[in-house]
Amino acid sequence: MALRFSPDNEARFQALLARYPDRRAALIPTLVLANREFGYLSREAMEYVASRLELPESYVLNTATFYTLLRKHPVGRFHIQVCMNVSCYLRGADHLADHLKRVLGIGFGEVTPDGLFSLEGVQCLASCGTAPVIQVNDDYHEDMTVEKVDCLLESLRRQASQADGARPGTGGVP
Amino acid sequence: MSENADRSAPPTPPTGPFLLRCRPGEAILRLDDHLTRGGFEPVRKALAMDPDAVTDEVKRASLRGRGGAGFPAGVKWGFLPKDNPKPRYLVVNADEGEPGTFKDRYFLERDPFPLLEGVIIASYAIRANVSYIYIRGEFVKQIRVVEDAIRQLYDRGFLGRNVLGTGYSLDVYVHPGAGAYVCGEESALLESIEGKPGRPRNRPPFPAQVGLFGCPTIINNVETMACVPLVLRHGADAFLKMGVPGDGGPKIYCVSGHVKRPGLYEAPMGTNLKRIIFEFAGGTLDDRPILGVIPGGSSTPVLTADELDVAMDFNSMRAKGSMLGSAATVVFTEGTCPVAVLLRISRFYAHESCGQCTPCREGTGWLERVVESIEHGNGRPGDCDLLLSAAGQIQGNTICALGDAAAMPVQSFVTKFRADFERHIAEGRCPHAHG
């Protein structure tokens, strides 16, 4: 089935077009919308954005590949980003990362077989005063410890099993 | 403000906090809550002035850019060409990403109205009718907060057509980033808004002449914007007196790493670094001796324990051989491996290089690989000099400051902790407990 924005995102897309004197400027915000709606930017999703903005696909691809948050591969329902930069490193980020890899059984850049979790080591999330920090989908979890990570994973699992129609691989979009 | 008004100003200096007014756990997200605290008085004041008089007031206040470069905001505004018929833009840099920095997030998350007051005043001063606030893509919640605050301002006539009945019109939009540190560089940020990869532009022309969509553009940091209403509220003289000569105002200091109370602290520009670490942040964990302090974000040259008696303002830090940067102070104590700390930093710049300039694209990768080999016990004699040489070949040879940002920590770490680097190489392993 061909990709299409939901009515809400279609309205957001139309509002974006009105913001700029040049429609190319709407490209990154539109890719962000598509990333959220479709879970990641498949080739099909990028083609869709290109057609909506009347831009060459190559132009869209050139921009999309520059930005780390515009995902080119599917991620888990809960995408866990662990800040590995200096302030978090000094407060034990490596222990958190090792623990997450061990309990989830995956490395950075991988997705659990059930599609529930994916893991990524990232650069500074601007939360250095409450290091170490991890981001799960949209939410920051600060001053993290191994114990807090365990509680968090448990509550995410519970959340997933309770949610009706939970779909794996949607980047946290229910 | 007229000279008479200055003379009749009250002799007692105003008391803060001026920037970090929210108490722990508090947020001021409703316009009414902001208005009952005297909000938008500075905007009303500015809109009653001539735009150039507003710029002059900000110039006299010596408000230097809080993003890291420290360029005087009013002087920057004055660079806009007088005879260019094109529209003008104000762009706010909220792409906070210099490791160690987490101050702009405070405004974006908990106190957006002072930022938006600054946006209105600055846009009016430079005669812009459209402003974009570029917020890093990870800040999903913060983007919602700022968009909601903007909506409230439209609803009440503070934005849109005919702002507060003055005939001035202003539209403000949030533009999301999508994960690229280099977009915090102002010309890369403009490229990014235009829908392109964030590759910095050659200058000249400077953005004030040819900026967003080819139009005259001013780019300012979030904290700088939040300082602008303070200049209008208290007057340029009072603002200047809050800091040091030539560098006015209060400043937010970000403290992280091995301290008892990491966090944000507001104090006058020029506050002593020791006071920030030991008084505000409570000293080091377990009172361990300090090994090093990165004073102003990961790109700024590291200081050793005997170099901390310094005023944190732009000129004093330069005189000390480092930089105020974004005032993001990262403390690490004895027992920490300086090679491992540098490796995090070098890996970051290698990851974030946009790849446009050969010295940076190739050089940052070399720096990372050599530091990594030293840390992992594969260092070779001469590697310290190799690092210094490679860093020296990047510095000054790139379009933007990211190359310098990658070079400076390498030069300062290798120079100041050279014995530790050489020990790694001689022993063929990391001699510290973590390794």
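The values are calculated or read from the model by the stated rules, or taken from the named source; none is laboratory data. Computed from a predicted model, the values in this text were never measured in an experiment. Please note: Cβ atoms are built from the backbone with ideal geometry, for glycine as well, and neighbour counts cover all protein chains shown.
If you go through the range B:362-402 and pick out every residue that is under 18 Å from residue B:428 (Cα atoms), assigned to a helix (DSSP H, G or I) and without any contact (Cβ under 8 Å) to a residue 40 or more places away in the chain, you end up with 9.
If you go through the range B:299-313 and pick out every residue that is of a type in the set (Ser, Thr, Tyr) and either part of a loop (DSSP other than H, G, I, E, B) or buried (at least 24 other Cβ atoms within 10 Å of the Cβ) (or both), you end up with 2.
Are any residues in the range B:314-328 within 24 Å of residue B:350 (Cβ to Cβ) and crowded, with 24+ Cβ neighbours inside 10 Å, and if so, which ones?
Result: B:325, B:326, B:328.
Looking at the range B:103-197, the helices (runs of 4 or more DSSP H) lying wholly inside it that each contain 3 or more residues that are more than 23 Å from the chain's Cα centre (by Cα) sit at B:140-155.
Considering A:152, A:119, A:125, which residue is farther than 25 Å from residue A:43 by Cβ and not in a loop (DSSP other than H, G, I, E, B)? Answer to the selection: A:152.
Return the residues of the range A:124-139 that are at the interface with another protein chain (Cβ under 9 Å from one of its Cβ atoms), within 18 Å of the chain's Cα centre (by Cα) and surrounded by fewer than 22 Cβ atoms within 10 Å (Cβ to Cβ); say none if nothing qualifies. Correct list: A:135, A:137, A:138, A:139.
Criterion applied to B:333, B:358 was being within 14 Å of chain A (Cβ to nearest Cβ) and at pLDDT 95 or above, and the one residue passing it is B:333. Taking the conditions exactly as written (in a strand (DSSP E or B) and either modelled with pLDDT of 95 or more or within 14 Å of chain A (Cβ to nearest Cβ) (or both)), does residue B:220 satisfy them or not? For residue B:220, the condition - in a strand (DSSP E or B) and either modelled with pLDDT of 95 or more or within 14 Å of chain A (Cβ to nearest Cβ) (or both) - is met.
In the range B:98-111, the residues that are more than 10 Å from chain A (Cβ to nearest Cβ) form Cβ pairs under 8 Å with partners that are of a type outside the set (A, V, I, L, M, F, W, C) and part of a helix (DSSP H, G or I), at six or more places apart or across chains, as follows: B:107/B:114; B:107/B:223.
Taking the range B:341-356 as the range and being assigned to a helix (DSSP H, G or I), of a type in the set (Gly, Ala, Ser) and surrounded by fewer than 24 Cβ atoms within 10 Å (Cβ to Cβ) as the test, only B:350 passes.
Residues in the range B:336-348 that are hydroxyl-bearing (Ser, Thr, Tyr) and either touching a strand residue (DSSP E or B) at 6+ places or on another chain (Cβ under 9 Å) or within 10 Å of chain A (Cβ to nearest Cβ) (or both): B:336 only. Report, by residue number, each residue of the range B:54-99 that is within 11 Å of the chain's Cα centre (by Cα), of a type in the set (A, V, I, L, M) and not in a loop (DSSP other than H, G, I, E, B). Matches in the range B:54-99: B:94 only.
Quick grid of which residues meet (1) touching a Lys or Arg at 6+ places or on another chain (Cβ under 6 Å); (2) crowded, with 24+ Cβ neighbours inside 10 Å:
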| position | (1), (2) |
| --- | --- |
| B:193 | no, yes |
| B:213 | no, no |
| B:237 | no, no |
| B:249 | no, yes |
| B:254 | yes, yes |
| B:257 | no, yes |
| B:261 | no, no |
| B:275 | no, no |
